[in-house]
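Before any comments, here is the structure.
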Amino acid sequence: MDNETIGSTLDQVADLLEIEGASVFRVRAYRGAARTVSALASPVSTLPEKGPGSLEELPGIGKDLAGKIRELAETGELAMLHELKSRTPESLIHLLELPGLGPKRAKAIHEGLGIDTIEELEKAAREGRLRALKGVGPKLEAQILEGIAARAARGKRISLAEAEAQVEPIVARLREVPGVLRIEVAGSYRRRRDNVGDVDILVAADVSVAIGKKLIADPQTDKVLADGDTKTSVLLKSGLQVDLRVVPEETFGAAMHYFTGSKAHNIAIRTLGVRKKLKISEWGVFQEDKRLSGEREEDVFEAVGLAWVPPEIREDRGEIDAAREGKLPKLVERAELRGDFVAGKPDADELAAITSAWRAKGGAWLVVIGAPRSVIERAREHAGVELFAGRVVTIGEGGSIGASEEELAEVDVVIGEIDAANLAEKALTQALVAAVETGCLHVLARPFGAGKPRQFDVEAVAKACRERGVLLGLDARFLQGADGYARAVKEAGARLALTSHARNVEEVELLRYGLDQARRGWCEAKDVANTLSAGELRTFLARG
Ligand code: DGT
Ligand code: CA
Ligand code: CA
């Protein structure tokens with residue numbers, strides 16, 4: 001944990017102690033320690049254990065506080081804070097997070113007005129009832145309402161695509177700041193989760209570089225949540241939170257590793273470090289008080305005897321064992337994709353634009369869903385990529401296929417989509433397996449209902465698909481839970497078909513988001529049919 005976070009955690013302890021009615025001196029000691037630690041020039045984890053320059057020697061920090069600070073620096077947690085939280089009404093903890101509400105006011109609101117939840121607080125502020133309390137006026141009420149609105153916006157997760165659209169231009173502007181040596185986005189964004197809670201930007205620069213000020217001044221920034229030398233947090237106009245951290249270049253790799261997460265992966269790596277008597281933090285790899293490395297992200301993995309793990313699979317779902325045994329997957333890459341499934345009756349011009357865009361990206365084939373044969377035939381002549389005619393057929397409740405044999409014979413690729421929104425999990429699995437068993441399908445679309453993935457036994461269905469040579473669709477427009485689905489398909493030995501369903505040139509880009517989730521599902525080139533050459537696909541379609 002970095003010094004500023006330790007500082008704000010100690011402040012939180014002070015708040016909760018104050019609410020409990022602890023002695024003024026005790027509260028003051030935690031507040032003082034918070035200030036002292038936040039202002040330290042070097043990270044707590046690099047201070048000597050004892051003697052001059054150690055924590056105990058700092059003004060106002062005795063043995064007890066030094067122990068707490070070390071606990072935070074080393075584990076990122078504080079047992080005492082957990083205890084305090086468990087003793088404090090949950091509603092009060094939430095109230096404390098709002099700007100303008102210190103412990104005294106939060107307690108007064110809670111006890112004086114009987115307010116227990118944020119909703120009740122919002123209602124009271126709107127109705128002007130908070131003014132009944134001493135020292136509370138319309139201005140504070142307005143501030144509280146704003147804080148509640150910002151909190152609601154913050155609670156939402158947004159899609160990775162949306163986050164990218166907002167963050168890429170901001171990063172491009174920040175990159176221009178003189179003195180910025182490196183800048184990368186870390187967190188769930190780098191792990192390519194299909195949705196992100198907030199965006200974590202990491203910069204290598206001297207602390208004197210005014211990068212935080214640049215983010216605060218950014219045209220997209222709406223509110224400033226934190227404004228320190230090494231950490232700046234803002235809310236964008238969209239409500240998305242952006243956290244910016246500045247670290248020295250020599251610790252950039254360790255910081256990238258830490259802030260990429262996931263938290264579960266970090267904890268597993270740190271535990272491996274402890275076994276080797278190494279301390280691993282966002283500041284680097286340490287032995288006793290000696291810093292061994294940390295400039296490159298590889299340094300962290302090497303220190304615990306592991307190969308570098310791609311960010312997409314850092315979820316503590318087996319990647320650490322795989323990295324130790326040299327069994328990491330060689331994740332499928334964008335450059336390996338040869339084909340896509342594009343959709344929905346594009347007219348001849350649109351189709352020509354899509355095919356030339358796809359060719360320019362190095363593509364070799366497209367399955368065109370729903371276009372009349374004549375359109376495909378005409379496009380074929382000047383496409384430069386091989387075009388296959390695709391058709392979506394509906395699968396009935398018992399697994400029946402909603403098209404005649406003659407109709408199926410007219411197209412190259414048959415994609416089955418279940419049209420049984422009310423089936424329970426078991427019946428859905430049976431229907432899908434039955435549809436695969438008909439031997440009519442080339443691709444089985446992932447079942448969705450009301451925009452949500454439907455629960456079914458992916459393993460059983462994927463096994464049937466493997467036996468019958470049927471691909472399992474992964475639609476890049478609907479990514480919820482797609483990483484787990486991709487992994488289950490791979491593990492069953494079956495193969496995915498990533499589909500963009502692009503209706504125009506811009507949407508061809510969507511395929512990348514399907515690829516992200518296949519990578520998060522540990523898929524290699526062999527697990528994804530989009531990597532086949534046009535000839536290989538033809539053989540596959542002929543069930544050769
Ligand atoms: P998000 O923002 O909810 O989509 O997910 P993340 O993974 O981006 O999470 P975030 O922004 O809270 O934190 C960024 C990274 O920082 C996270 O992936 C791992 C690291 N991190 C945060 N809190 C802790 C912690 O308490 N312990 C450890 N070991 N790492 C943490
Ligand atoms: Ca994040
Ligand atoms: Ca964050």
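Looking at Arg468, is it more than 27 Å from Leu328 (Cα to Cα), among the basic types (Lys, Arg) and buried (at least 17 other Cβ atoms within 10 Å of the Cβ)? Criteria met by Arg468.
Residue check: Arg151 meets all listed conditions (1) within 16 Å of ligand 3 (Cβ to nearest atom); (2) open to solvent by 60 Å² or more (accessible area, probe 1.4 Å); (3) at pLDDT 95 or above; (4) in a helix (DSSP H, G or I) but one, namely (3). State which residue pairs qualify: first residue outside the structural domain of Gln480 (by TED's automatic domain parsing) and within 16 Å of ligand 3 (Cβ to nearest atom) and inside region 191-216, second residue open to solvent by 40 Å² or more (accessible area, probe 1.4 Å) and not in a helix (DSSP H, G or I) in any location, beta carbons under 6 Å apart, and separation of 6 or more residues or different chains. Once the first residue is outside the structural domain of Gln480 (by TED's automatic domain parsing) and within 16 Å of ligand 3 (Cβ to nearest atom) and sits in region 191-216, its partners that are open to solvent by 40 Å² or more (accessible area, probe 1.4 Å) and not in a helix (DSSP H, G or I) give Asn195/Arg157; Asn195/Ser159; Gly197/Arg157; Leu202/Glu184. Screening Lys231 on (1) within 11 Å of ligand 3 (Cβ to nearest atom); (2) of a type outside the set (S, T, N, Q); (3) in the same structural domain as Pro310 (by TED's automatic domain parsing) shows it passes everything except condition (3).
Candidates Leu244, Leu215: the one that is within 13 Å of ligand 2 (Cβ to nearest atom), open to solvent by less than 20 Å² (accessible area, probe 1.4 Å) and either of a type outside the set (D, E, K, R) or within 30 Å of Gly484 (Cα to Cα) (or both) is Leu244. Among the residues of region 320-339, is there at least one that is in contact with a Lys or Arg (Cβ under 9 Å, 6 or more places away or on another chain), part of a strand (DSSP E or B), under 27 Å from Leu515 (Cβ atoms) and touching a residue at least 12 places away in the same chain (Cβ under 8 Å)? Yes, because at least one residue in region 320-339 is in contact with a Lys or Arg (Cβ under 9 Å, 6 or more places away or on another chain), part of a strand (DSSP E or B), under 27 Å from Leu515 (Cβ atoms) and touching a residue at least 12 places away in the same chain (Cβ under 8 Å). Checked against the criterion of being touching a residue at least 12 places away in the same chain (Cβ under 8 Å), open to solvent by less than 20 Å² (accessible area, probe 1.4 Å) and within 15 Å of ligand 1 (Cβ to nearest atom), the candidates Ser233, Ser188 yield just one match: Ser188. Within the set Ile201, Ile158, Ile118, Ile170, the sole residue that is among the β-branched types (Val, Ile, Thr), more than 15 Å from ligand 2 (Cβ to nearest atom) and open to solvent by less than 50 Å² (accessible area, probe 1.4 Å) turns out to be Ile118. When region 133-148 is filtered for residues that are in a helix (DSSP H, G or I) and surrounded by 12 or more Cβ atoms within 10 Å (Cβ to Cβ), the ones remaining, listed by number, are Leu140, Glu141, Ala142, Gln143, Ile144, Leu145, Glu146, Gly147, Ile148.
The single condition from (1) open to solvent by less than 30 Å² (accessible area, probe 1.4 Å); (2) at pLDDT 95 or above that Glu250 fails is (1). Tell me yes or no: at least one residue of region 53-70 is open to solvent by 20 Å² or more (accessible area, probe 1.4 Å) and of a type in the set (Val, Ile, Thr). Scanning region 53-70 turns up no residue that is open to solvent by 20 Å² or more (accessible area, probe 1.4 Å) and of a type in the set (Val, Ile, Thr). Condition (residue is open to solvent by 50 Å² or more (accessible area, probe 1.4 Å) and within 25 Å of Ala149 (Cβ to Cβ)) applied to region 10-29: is it met by at least one residue? Yes: one or more hits.
Residues are listed down the side, and each one gets a yes or a no for (1) modelled with pLDDT under 90; (2) aromatic (Phe, Trp, Tyr); (3) under 36 Å from the mean Cα position of the chain (by Cα):
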{"site": "Tyr30", "(1), (2), (3)": "no, yes, yes"}
{"site": "Ala41", "(1), (2), (3)": "yes, no, yes"}
{"site": "Gly62", "(1), (2), (3)": "yes, no, no"}
{"site": "Lys68", "(1), (2), (3)": "no, no, yes"}
{"site": "Glu83", "(1), (2), (3)": "no, no, yes"}
{"site": "Pro89", "(1), (2), (3)": "yes, no, yes"}
{"site": "Leu101", "(1), (2), (3)": "yes, no, yes"}
{"site": "Glu119", "(1), (2), (3)": "yes, no, yes"}
{"site": "Leu133", "(1), (2), (3)": "yes, no, no"}
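With respect to being outside the structural domain of Leu479 (by TED's automatic domain parsing), open to solvent by 60 Å² or more (accessible area, probe 1.4 Å) and either among the aliphatic types (A, V, I, L, M) or under 24 Å from Thr251 (Cα atoms) (or both), Pro178 fits the description. So which residues in region 369-405 are closer than 29 Å to Ala464 by Cβ, among the β-branched types (Val, Ile, Thr) and either open to solvent by 20 Å² or more (accessible area, probe 1.4 Å) or out of contact with any Gly (no Cβ under 6 Å at 6 or more places or on another chain) (or both), if there are any at all? Once the filter is applied, which keeps residues that are closer than 29 Å to Ala464 by Cβ, among the β-branched types (Val, Ile, Thr) and either open to solvent by 20 Å² or more (accessible area, probe 1.4 Å) or out of contact with any Gly (no Cβ under 6 Å at 6 or more places or on another chain) (or both), region 369-405 yields Val392, Thr394, Ile401. Contact map, region 288-306: first residue open to solvent by less than 30 Å² (accessible area, probe 1.4 Å), second residue among the basic types (Lys, Arg) and assigned to a loop (DSSP other than H, G, I, E, B), Cβ cut-off under 7 Å, separation 6 or more or different chains; pairs are Val304/Lys276.
The values are calculated or read from the model by the stated rules, or taken from the named source; none is laboratory data. Every value quoted in this text rests on a predicted model; they were computed, and no experiment measured them. When we count neighbours, we look across all protein chains shown, and the Cβ atoms used for this are built from the backbone with ideal geometry, even at glycine. Please note that ligands, DNA and RNA were not included when accessible areas were found on the heavy atoms of the full protein model with its side chains. Shrake-Rupley method; radii C 1.70, N 1.55, O 1.52, S 1.80 Å.
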